[in-house]
Amino acid sequence: MSPPALPNLRIHIIGAGMGGMGTALSCAKKGFTDIHVWEAAPALGEVGAGINIPPNLARVLDNWGVLQYCNGEGVAMTKANVLDCATDEILTSVSYDTYMEQEYGYPFVTVHRAALQRALIKGAEDSGVVKLHLGNFITDYDFDNTKFKVKQGESGEPEWVQADVLICADGVKSKAREAMMARKGVQDDVEDTGQAAYRIMVRRSAINEDPELVPFFTGTESYRWIGEKRHIIAYPIENGDLFNMSTTQPDRHFVQADTWTAVGSKDEMLKTFHDFCPRVQKLLNLVPEGEVLEWKLRIHEPIAQWVDNNTALVGDASHPTLPHIAQGAAQAVEDAAALGVVLARITKKEDVHKALEVYQAIRKPRTDWAVRTASANSKGLHTQDKDSRNAAFATASDGSNPDKMISRETHDTLFMYDVQKETENAFDELFAKAI
Ligand SMILES: Cc1cc2nc3c(=O)[nH]c(=O)nc-3n(C[C@H](O)[C@H](O)[C@H](O)COP(=O)(O)OP(=O)(O)OC[C@H]3O[C@@H](n4cnc5c(N)ncnc54)[C@H](O)[C@@H]3O)c2cc1C
């Protein structure tokens, strides 16, 4: 690979999540040498829970040489089941082992979010050109001059930092998005879904080898128990040491936080799912007190512009996506991969803005589709009308499934895609049109 024409471009990235660390690694792999990541958290530990590595994400990680760092402790799913929440009856099962790796080149793997983040950080560290600044909070942006203000720790005096390219990967509650939209006089169109989610996990050591629960840990299957207005999706992670469960339910407590770290009440959680089948009840009861994380689910209408001068939004900052098709991390990393490609293709600094416009033009149709598909999926799963729901699952074909997350049509759209190739191929034409 030849180095980029502008290896010393000052690339500054806000946020060390999947989009941010992904962008750093993507640019490092392209041969850029002046890359900084600014992260508010003082340390990046075992925060979060399960996350998916579908083939479209695996392809990028593999290309960057970091897939083995997270897949080592991941679990390759061989089957996805949808079950009735009360009867535990299987409504549909899709066997991933008959086509996933064969068709898309990679299995569908589940990991702890921390494993994916660690893999990206390891790749970035190994490159020797990425500087990670932890405990640094960005307080202000100057999009006209590609500058941002950083406050170090609690007591630090905020200071302006100059960049050539500024990538804001500051997550679902992005202040950069807010500031960018405010400049354009646009309001963030957020629809409260009226839903909240719990993210919970049970450790294998807690189940006392209960024969009814052991298969959840030793198996390689995912489970989605569905009922009116609620569902629970669950799968093993960390080599089967943890069983991860993510729920969706009416937001009865009016959770204010969507920070991933707000602690909810275990009692309330048990009440919410009291009518789910006994196997699920057993699991929920084993969740340690104090480890029930709860947050609000909001739909953000796709925004028109992710780019302002030489600044671009990435990942959840640009296209927050509900978890119902499990593509949050994958789409953030695809963004990151596309950014590396477009920045490596320009030959003068004055073209940074045009490169970012190309990035948006390539990424937006795909992420808009993902946002809308995820949002529509929960509506179908939570219907009151059990008879027609069951009939739809009973007649699900190999190609189409009422649960869009496990539907082959969705898989073909999402998993065949090679973001780096697509971006390379489309670059010249889109660059010629960019202004
Ligand atoms: C703590 C945490 C736990 C999560 N747990 C899960 C999970 O268990 N399962 C799952 O599917 N998804 C989880 N997510 C969300 C998931 O990581 C994202 O949906 C997806 O990976 C897209 O990544 P992103 O880089 O766009 O955003 P994120 O991964 O959310 O990363 C955004 C980063 O920006 C930092 N940041 C925000 N504002 C500032 C600022 N002003 N200055 C500096 N830094 C800032 C945040 O601290 C964060 O590290 C979690 C996110 C976070 C932050």
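The values are calculated or read from the model by the stated rules, or taken from the named source; none is laboratory data. Being a predicted model, the structure only gives us computed values, none of them experimental. Cβ coordinates were reconstructed from backbone atoms using ideal geometry, including for glycine residues, and neighbour counts include every protein chain displayed.
Tell me which residues, restricted to the stretch 309-333, are within 23 Å of Asp428 (Cα to Cα) and either outside any helix (DSSP H, G or I) or touching a Lys or Arg at 6+ places or on another chain (Cβ under 7 Å) (or both).
Of everything in the stretch 309-333, those that are within 23 Å of Asp428 (Cα to Cα) and either outside any helix (DSSP H, G or I) or touching a Lys or Arg at 6+ places or on another chain (Cβ under 7 Å) (or both) turn out to be Asn309, Asn310, Thr311, Ala312, Leu313, Val314.
So which helices (runs of 4 or more DSSP H) are wholly in the stretch 343-435 and hold at least 2 residues that are touching a strand residue (DSSP E or B) at 6+ places or on another chain (Cβ under 8 Å) and among the aliphatic types (A, V, I, L, M)?
352-381
Of everything in the stretch 31-60 that's within 7 Å of the ligand (Cβ to nearest atom) and small (Gly, Ala, Ser), which residue is modelled with the lowest pLDDT?
Gly48
Okay, residues lined up against (1) touching a residue at least 12 places away in the same chain (Cβ under 8 Å); (2) over 30 Å from Val66 (Cβ atoms); (3) more than 16 Å from the ligand (Cβ to nearest atom):
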{"residue": "Val292", "(1), (2), (3)": "yes, yes, no"}
{"residue": "Asp308", "(1), (2), (3)": "yes, yes, yes"}
{"residue": "Asp316", "(1), (2), (3)": "yes, no, no"}
{"residue": "Pro323", "(1), (2), (3)": "yes, no, no"}
{"residue": "Ala326", "(1), (2), (3)": "yes, no, no"}
{"residue": "Ala329", "(1), (2), (3)": "yes, no, no"}
{"residue": "Leu339", "(1), (2), (3)": "yes, no, no"}
{"residue": "Val342", "(1), (2), (3)": "yes, no, yes"}
{"residue": "Lys348", "(1), (2), (3)": "yes, yes, yes"}
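Give the stretch 379-414 a look and list any residue that's crowded, with 19+ Cβ neighbours inside 10 Å, modelled with pLDDT of 85 or more and within 22 Å of Asn52 (Cα to Cα), or say none.
Asn401, Pro402, Asp403, Lys404, Met405, Ile406, Ser407, Thr410, His411, Leu414
Part of a loop (DSSP other than H, G, I, E, B), of a type outside the set (Ser, Thr, Tyr) and more than 30 Å from Glu350 (Cβ to Cβ) - does that describe any residue in the stretch 112-131?
Looking through the stretch 112-131, none of the residues is part of a loop (DSSP other than H, G, I, E, B), of a type outside the set (Ser, Thr, Tyr) and more than 30 Å from Glu350 (Cβ to Cβ).
Looking at Ser155, Ser174, Ser205, can you tell me which residue is polar (S, T, N, Q) and touching a residue at least 60 places away in the same chain (Cβ under 8 Å)?
So the residue among Ser155, Ser174, Ser205 that is polar (S, T, N, Q) and touching a residue at least 60 places away in the same chain (Cβ under 8 Å) is Ser174.
Test Lys151 against the stated conditions and say whether it is basic (Lys, Arg) and within 28 Å of Asn8 (Cβ to Cβ).
Answer is yes for this residue.
Taking the stated definitions as given, is Ala5 surrounded by fewer than 19 Cβ atoms within 10 Å (Cβ to Cβ), within 16 Å of the ligand (Cβ to nearest atom), touching a residue at least 60 places away in the same chain (Cβ under 8 Å) and of a type outside the set (S, T, N, Q)?
Here the answer is no, as Ala5 does not meet what is asked.
Residue under question is Ala28, and the condition is that it be under 14 Å from Gly123 (Cβ atoms), hydrophobic (A, V, I, L, M, F, W, C), buried (at least 21 other Cβ atoms within 10 Å of the Cβ) and within 13 Å of the ligand (Cβ to nearest atom); does it hold?
Spelling it out, it is not the case that Ala28 is under 14 Å from Gly123 (Cβ atoms), hydrophobic (A, V, I, L, M, F, W, C), buried (at least 21 other Cβ atoms within 10 Å of the Cβ) and within 13 Å of the ligand (Cβ to nearest atom).
What are the pairs with Cβ atoms under 7 angstrom where one residue, in the stretch 15-36, is farther than 12 Å from Gly171 by Cβ and the other, located anywhere, is within 7 Å of the ligand (Cβ to nearest atom) and in a loop (DSSP other than H, G, I, E, B)? Sequence gap at least six, or different chains.
Short answer, once both residue conditions are applied: Thr23/Ala169; Thr23/Val314.
What are the residue pairs meeting all of these: first residue in the stretch 51-67, first residue in contact (Cβ under 8 Å) with a residue 24 or more places away in the chain, second residue among the acidic types (Asp, Glu) and surrounded by fewer than 24 Cβ atoms within 10 Å (Cβ to Cβ), Cβ atoms under 7 Å, and 6 or more apart or on different chains?
So the pair list comes out as Arg59/Asp418.
So which residues in the stretch 31-86 are under 20 Å from Gly123 (Cα atoms), of a type in the set (A, V, I, L, M) and surrounded by 21 or more Cβ atoms within 10 Å (Cβ to Cβ)?
Within the stretch 31-86, Ile35, Val37, Ile51, Ile53, Leu57, Ala58, Val60, Leu61, Val66, Leu67 qualify.
Yes or no, residue by residue, for (1) closer than 30 Å to Ser400 by Cα; (2) touching a helix residue (DSSP H, G or I) at 6+ places or on another chain (Cβ under 8 Å); (3) modelled with pLDDT of 95 or more; (4) not acidic (Asp, Glu):
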residue	(1), (2), (3), (4)
Asp308	no, yes, yes, no
Ala317	no, yes, yes, yes
Thr321	yes, yes, no, yes
Val333	yes, yes, yes, yes
Ile346	no, yes, yes, yes
Leu356	no, yes, yes, yes
Ile362	yes, yes, yes, yes
Thr367	yes, yes, yes, yes
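So Glu301 fits all but one of (1) modelled with pLDDT of 95 or more; (2) more than 20 Å from Gln249 (Cα to Cα); what number is the exception?
Condition (1) is where Glu301 drops out.
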